[in-house]
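Participant: Take this structure first; my questions come after.
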Amino acid sequence: MNDRFAIGGKLSKPREHAQLLVVGAGAAGVAAAIEGAQAGLSVVLVDENPVSAGLMGLDVPLFYGQRMTAAVQEEGRMVERLVASSPALEAAYDAGVDVRLGVTVWGAFVNGPAVRALPGRVAGLADADTSWLCGFDALILATGARDLVLGFAGVDTPGVMGVRALDALLSRYDAFSGRRIVFLGSGNLAATAALRAIERGIEVAALVEVLPEPQAAPALMDALAAHGVRVLTSHVILRAEAAGGDVAAAIVAPLQDTGAAERLACDTICLAIGVSPAIELADVAGCKLVARGADGGPVARAVGPAGTSIAGVFMAGDCAGVIDPAADMSVAEASGRDAAHAAMAWLAGESAAETPASAGAAAGDAYVYRMAWMRALVESGGMSAPVCLCEEVSRADLLGVQPPRYLGCESRQMASRSAETLLQDGPLNPDQIKRLTRAGMGPCQGRRCRDQVALLLAMASNGSPQDVPLASHRAPVRPLPLRVLAADDESVEMRDLWDVWFGIPTQWIPYDDIGTEREAEILSAHGGGNMHL
Amino acid sequence: MSARGSSVVVVGGGVTGLSAAWWLARAGHDVTVIDKFVVGWEASGRNGGGATHYQSPLFHEEQRLWPMMDELLGYPTEYRRERIIINLTEEQQARYRRMAAVTRAQGYESTELGAKELRELVPIASEHAIGAQHFHFGGHANPQRTVQAYAWALQDLGGRIVQHAPVTGFATQGGAVREVHTARGSFGCDAVVIAAGPQTGALVAQLGVDLPLAPARAEMIVTEPLPLMKIGGVDGNGLYGRQTLRGNLAYGGGPHEWLDETDTAQMARPATPLLRNLAARLAEMFPKAAQARVIRSWAGIVENTPDGRPVIDRLADPGNVVVATMSGVGFGLSPASGHAISDLVLDGRCSFTDISKLGLARFAGLPRDWRAACGWVAMAEAA
Ligand SMILES: Cc1cc2nc3c(=O)[nH]c(=O)nc-3n(C[C@H](O)[C@H](O)[C@H](O)COP(=O)(O)OP(=O)(O)OC[C@H]3O[C@@H](n4cnc5c(N)ncnc54)[C@H](O)[C@@H]3O)c2cc1C
C-alpha cells in the first residue's frame, strides 16, 4: 500500500536545469562560469544583485547601515552600474553563460540520509515576483563574504555600516551617501577600503585599532599616511554619537584610559574588523562546515581546493576562505577556475584529491583578532550594548539568557538564570541561546549578530570562538515575501493529497470511542477526519 | 515504587521526559534526565506549539494545567488560550463543526464565527473565508521556551540534567533495570522512563519489548513579525500553527517523509522546497500578509505508532520501566503526559483518568512488516 499523504513525488519539478549552476557573479563566480561554458557545459550564473532597496534597508545581504542614496531605488540604473562595474560579466555573456542578475538563490537541496524526496539536486531561485527550482548536476557556490558586525553603543544608528556594504555602494553602485568615514580595524581589509574611499573623494577621518600596532601591510599604511589618515592604535570605539537620527561622530578612547575620549566627527562608521565566508547555502545543502581562523570563519571546503563534503558541490572565492583583501582579483579568479575544473572532473566521473588544500587565506587567525576587538568592546562598553538589532537583545540579555522584554516576565527563577548556569549543563550553543533570547531570530536572519554571539559565548565559556558550535542557517537564506516564495507550480498530487497532519484517520478518534462501534462509524462516515494539533 | 527519594532515570530530554521528571521531582523523587544532545533539540523544540487535543484521554488535564504552567514552572511558556480554525470551504466547515460538537459534548465551549466576525479577530484572514470555528479552550505556547522551562524547573527541584550522553543500553537484574548505560558513564536507578522520541523503539527493543514506531519528517516556516492579532492560535487551509507573541507567523502542514530510524540518528534536520507550498497556503489563508517575508524554515521528526496514537505504558518485564511516545501530539499534552507517566512510575496506574487504551498490548500480533503494509517506509535513495 501507498501512503497517499506522504511527500514522495509531490514536490514541484525543477523549471529548468543547468549542468553547472554557479551562485555569485563576483570575480570567482564569473571566472568559474566562463571556464565551465568554454568547456561546453550548460552554465547558469545567478547573482542576487542588484538587491532591492527594501532588502538593503533590512541590511540584507550586507550591513548597508541606511547609507544608500535614493539612486538604489532606480532598478534600471542599478543593473547598468552592476554590469559596468564588472567587465568580466561581458565575457561571461560572450562565452555563452546564461547570466541571471537580480535573482536570489534561497536554498540548495541535495538528497541524503535525512531527505530522499527531492526531485533531484535542486536550488531554489527567486526574482522580485516569483520563485522556482533549478536543477543542477554540479553546483559552485561563489557567494563571497558577509560583513562582520560587532556591537557598541549606537551601532544601530544609521551611518554605522559594514565594509562590504560600503564597497558595494561606493564602487559598484555609486550610491553611497556618506562623506567622512571612521573605520574600525586597521588590517588590509580596512586599509584597502579606506584607500578606495579616498580615491572616490570621500574623507577618511581615522582608522581605529584596538591592538597596539596597525595591522595592514606597511605599503598600505604608508599610502594612508601619505593621505594624512590617522591611525589610532590601542583605541576602542565607545559609541556612535547621533544627531538628527544619523551618525555625527565616533567617540573613541585609548584602551587604557577610556576617560580620555576623543570625538571624531564623521557621518559614517565603517566596521572593517573582518568579513565572514557566506556559507549559508552550503549549510542548507548539508555540507560539513569547519570553523577556521585562517579562513576568516566557518568554511565548507573539505576535498581538494574547492570540494565540499557533498559530491558535486564546490566552493570558490571568499566563501571558500576569505582571500586577503590586498590581493588582486587574479586570486579569486584562479579560485573560481579551480572550482570549475573540480566540477568538470567530478562530472566526468573522476574522483577528487582527498586532502583539503589551504585557501589563499587572509594572513593570521581571524578569530584571535576578532576576540581582541570583542574583549575591548565589552571592557569599554559594558553589557548594555546591542547584540541582535532585529530583536533588541543586549549583551546582558544574551549572557543572562533572558526572554524578550515584551513578555514582561517577572519570575525570580528566570532572573537567576544565565549563560553561566546554562554552562553547567554543557557547552553553550548559539542555537539554544537564540531560542531563549531571540538573538538571531529576526528578519536579517542573524547576519548582524551571529559572529558576535559566537565571540560572546566564547568569552563566557573561556574558550575559543572556533569551538563554539555554528549557529544554523535555514532556507530561505534571504527573507522572501510569502507571495514570492509561494509555489505557483504545485503538482496535482500536492494539491489534492495535502493533509494538515499525517492523514492517519485513527489518530483523531475521540478516546472514549476507541474500540467501540462508534469508532467504525466515524471512520466510515468521514475517514476519521484529520483535525488539528 | 514507594520509598521517597528513590532514583528515577529518564531517557530523553524532550517535553515528555522532562515533564515526567518534573512531576516526579515535585513528588520528592530524585530524578536524572539524560539526553543524547541538548534538551528540546528534537521535536519538542521544533513543533507548532498547539495544545488542543480533544481526542486524548489527557485532554481535560491538558486544559486544566496549561493556564497554570508559567506559575507552576516558574518560567515563561508563552501559553495563550483559545483557537480559531478558518473555514475556506464548506467541506472544512463541516469538519470543524464536528470538532466543535465533539468538544462541546466534553464540556468545552465554542462559537461559529461569520466572515465579518472572523475578520475582526483575524484582520489578515482571506475575504473568501466563509467563517470560522472559535474554540474558547485549547491554545498554544512557545515550544522552545517551554522545554527549557521544564528543564530549569526540574533543576530548581534538585533534579539533574545530563546532556550529550546518548543512552546505549541497560543492565537488568531480577526483572528490573538497575543501570542505564550512556556514552558518559552508567547511572544506577530504581525506575526508568524511556521517552526518547523516534529512538524509543530501538531502546525498548534492547529490553526485549516490541514497540512499533515509524519516524517521519515534518516541516514548518516562519515569517517576520506582523502586528499582533487578538488571537494568535489561528489554523486553516491545511495548515496548523500560531502567531508568536512577537508577531511571527509560524506554520506547518502538508506531506511528511517517512524515514528509517537510523536516518533519525543523524543530526541534520533539513527542510525541503516544501516551504514554497507552505508559503502558498499561508498567503492564501492570510492574503493581507502576503508581503510578509519568510525568514526561516525547519524540520522535526515525528514518530508514529500504527494507529497514530501515543503509547504510555508501564512494561510488565522489566517491571520498573515506563515507556512514552506521543505520536505527534506530545507538545500540548506534555503537562498531562508527564503527570500520567509519573503516576505510572510511582503507582503503576494513572491517578486522574483511564489511559489503558494507550497501552502496548494493542499491538500484540502486529505483523512484522506493518510499516510496508501501510506504506510508511523510507523512499529509496534517489539517483
Ligand atoms: C513540525 C512539527 C510540528 C508539531 N506540532 C505539534 C503541535 O502543534 N502540538 C503538539 O502537541 N505536538 C506537535 N508536534 C509533536 C510534538 O513535537 C512531539 O509529540 C513532542 O515534542 C514529543 O516529545 P518527546 O519528548 O516525546 O520526544 P522528543 O522531542 O523527540 O524528545 C526525545 C528526546 O530523546 C532524546 N534521545 C533520543 N535517543 C536518545 C538516547 N539514545 N539517549 C539519550 N537521549 C535520547 C532526543 O535527543 C530528544 O531530545 C509537532 C512535531 C513536529 C516535528
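The values are calculated or read from the model by the stated rules, or taken from the named source; none is laboratory data. Everything quoted here is computed from the prediction, not taken from an experiment. Cβ: placed from backbone, ideal geometry, glycine included. Neighbour counts: every protein chain shown. These accessible areas exclude ligands, DNA and RNA; they are computed on the full protein's heavy atoms, side chains included. Shrake-Rupley method; radii C 1.70, N 1.55, O 1.52, S 1.80 Å.
Participant: Relative to the longest principal axis of the C-alpha atoms of chain B, give the angle of the C-alpha long axis of helix B:15-26, reported between 0 and 90° and rounded to the nearest 10°.
Facilitator: With rounding to tens, the tilt is 60 degrees.
Participant: Continuing with this model, one more query. Under a 1.4 angstrom probe, counting protein chains only, how are A:Tyr173, A:Tyr367 ranked by accessible area, largest first?
Facilitator: Working: A:Tyr173 0, A:Tyr367 25 Å².
Reading off the accessible areas and sorting them downward yields A:Tyr367, A:Tyr173.
Participant: If you don't mind, another one. Using only Cα atoms, find the angle between the long axis of helix A:75-85 and the longest principal axis of chain A, and express it within 0 to 90 degrees, rounded to the nearest 10.
Facilitator: Helix A:75-85 and the main axis of chain A meet at about 60 degrees.
Participant: Separate question: Could you work out the local net charge near A:Gln38, counting Lys and Arg as +1, Asp and Glu as -1, over the other residues with Cβ closer than 12 Å to its Cβ?
Facilitator: On the way: positive: A:Arg337; negative: A:Glu35, A:Asp94.
Surrounding charge for A:Gln38 is -1.
Participant: Roughly how many Å² of A:Phe176 are accessible to a 1.4 Å probe, to the nearest 10?
Facilitator: 30 Å²
Participant: Hey, another quick one. Straight distance only, please: which aspartates and glutamates reach the Cα of B:Lys288 with their own Cα at less than 19 Å, same-chain residues fewer than 8 apart left out?
Facilitator: A:Asp129, A:Asp488, B:Glu117, B:Glu120, B:Glu127, B:Glu224, B:Asp235
Participant: Separate question: With +1 assigned to the C-beta of every Lys and Arg and -1 to the C-beta of every Asp and Glu, and no other charges, what is the dipole magnitude of the protein assembly as shown about the Cα centre in debye, to the nearest 20?
Facilitator: Result for the protein assembly as shown is approximately 1240 debye, rounded to the nearest 20.
Participant: Over chain A, what is the mean sequence separation of C-alpha contacts under 8 Å (at least six apart), divided by residue count, expressed as relative contact order in percent?
Facilitator: Rounded, it is 16 percent for chain A.
Participant: Let me ask something else. Given a cut-off of under 8 Å on Cα pairs at least six residues apart, what relative contact order in percent is computed for chain B?
Facilitator: 23 percent
Participant: What does the net charge come to around B:Arg281 if you take all other residues with beta carbon closer than 14 Å to its beta carbon, with K and R at +1 and D and E at -1?
Facilitator: Taking every Cβ under 14 Å from that of B:Arg281, the sum is -3.
Participant: Could you please state how large a percent of the accessible area of the protein assembly as shown is carbon and sulfur, counting protein chains only and using a 1.4 Å probe?
Facilitator: The nonpolar share, carbon plus sulfur, comes to 51 percent.
Participant: Give me a comma-separated list of calculated 3J(HN,Hα) values for the range A:19-32, in order, Karplus coefficients 6.51, -1.76, 1.60 applied at θ = phi - 60°, integers in Hz, x for any Gly or Pro.
Facilitator: 5, 10, 9, 10, 10, x, 9, x, 4, 5, x, 5, 4, 5
Participant: Report, as an integer, the average count of C-beta atoms from other chains found within 10 Å of each Cβ along B:255-266.
Facilitator: Counting other chains' Cβ atoms within 10 Å and averaging over B:255-266 gives 5.
Participant: For a quick check: with amide H placed at 1.01 Å from N, whose amide H comes under 5 Å from B:Gly131's, ignoring anything fewer than 5 positions away on the same chain?
Facilitator: It is B:Asn87, by chain and number.
Participant: Mind jotting down the three principal axis lengths of chain A based on Cα atoms? Whole angstrom, largest first.
Facilitator: For chain A, the Cα spread along each principal axis is 88, 67, 46 Å.
Participant: Let me see the pair-distance distribution of the range B:83-137: every alpha carbon pair, 5 Å bin width, integer percents in order.
Facilitator: Per 5 Å bin, starting at zero, the Cα-Cα P(r) for the range B:83-137 comes out as 5, 23, 32, 22, 13, 5, 1 percent.
Participant: Please work out how much accessible surface A:His17 shows to a 1.4 Å probe, ignoring ligands, DNA and RNA, in Å² rounded to 10.
Facilitator: About 110 Å², rounded to the nearest 10.
Participant: Moving to a separate point now. So with the 1.4 Å probe, I'd like the accessible area per residue for chain A, rounded to whole Å².
Facilitator: In whole numbers, chain A has 36 Å² accessible per residue.
Participant: Related question: Would you tally the net charge around A:Leu125, using a Cβ to Cβ cut-off of less than 13 Å, leaving A:Leu125 out, and scoring K and R as +1, D and E as -1?
Facilitator: Values: positive: A:Arg15, A:Arg100, A:Arg478, B:Arg276; negative: A:Glu16, A:Asp47, A:Glu48, A:Asp98, A:Asp127, A:Asp129, A:Asp489.
Surrounding charge for A:Leu125 is -3.
Participant: Mind listing the lone cysteines of chain A, meaning no other Cys beta-carbon sits under 4.7 Å from theirs?
Facilitator: That list is A:Cys134, A:Cys266, A:Cys270, A:Cys287, A:Cys319, A:Cys390, A:Cys409, A:Cys444.
Participant: Then there is this: Please say if the range A:141-223 is rounded, prolate or oblate, where rounded means a/c under 1.5 for a ≥ b ≥ c the square roots of the C-alpha gyration tensor eigenvalues, and otherwise the choice is prolate for a/b larger than b/c and oblate otherwise? Mind dumping the intermediate values first?
Facilitator: Numbers: a/c = 1.26, a/b = 1.15, b/c = 1.10.
Because its axes are fairly even, with a/c under 1.5, the range A:141-223 counts as rounded.
Participant: Whole-Hz ³J(HN,Hα) for each residue in the range B:342-358, computed from phi via Karplus 6.51 cos²θ - 1.76 cosθ + 1.60 with θ = phi - 60°, x for glycine and proline: what do you get?
Facilitator: 4, 4, 5, 5, 7, 10, x, 8, 6, 7, 10, 6, 7, 10, 4, 6, 9
Participant: On to the next question. Counting only protein chains, not ligands or nucleic acids, how are A:Trp346, B:Trp298, B:Trp370, A:Trp373 ordered by accessible area (probe 1.4 Å), most first?
Facilitator: Values: A:Trp346 85, B:Trp298 50, B:Trp370 25, A:Trp373 0 Å².
Descending accessible area places them as A:Trp346, B:Trp298, B:Trp370, A:Trp373.
Participant: Kindly compute the accessible surface that chains B and A hide from a 1.4 Å probe when together, both sides summed, and give it to the nearest 100 Å².
Facilitator: 8600 Å²
Participant: Additional query: Can you list the aspartates and glutamates whose alpha carbon is less than 13 Å from that of A:Lys288, not counting same-chain residues fewer than 8 positions off?
Facilitator: A:Glu280
Participant: Would you list A:Glu392, B:Glu303, A:Glu213, A:Glu16 from the most to the least accessible area, probe 1.4 Å?
Facilitator: Listed by decreasing accessible area, they come as A:Glu392, A:Glu213, A:Glu16, B:Glu303.
Participant: Output the 0 to 90 degree angle, nearest 10, between the alpha-carbon long axis of helix A:188-199 and the longest principal axis computed from the alpha carbons of chain A.
Facilitator: The angle comes out near 70 degrees.
Participant: Taking springs between alpha-carbon atoms closer than 10 angstrom, which of B:Gly201, B:Gly359, B:Gly233 fluctuates most in the Gaussian network model of chain B?
Facilitator: B:Gly359
Participant: In the full protein assembly as shown, how much of A:Ser380 is accessible to a 1.4 Å probe, in Å² to the nearest 10?
Facilitator: 30 Å²
Participant: Here is a follow-up. Name the residue from B:Ala129, B:Ala101, B:Leu88 whose Cα lies farthest towards the positive end of the charge dipole of the range B:83-137, charges +1 on Cβ of Lys and Arg and -1 on Cβ of Asp and Glu.
Facilitator: Checked the options; the winner is B:Ala101.
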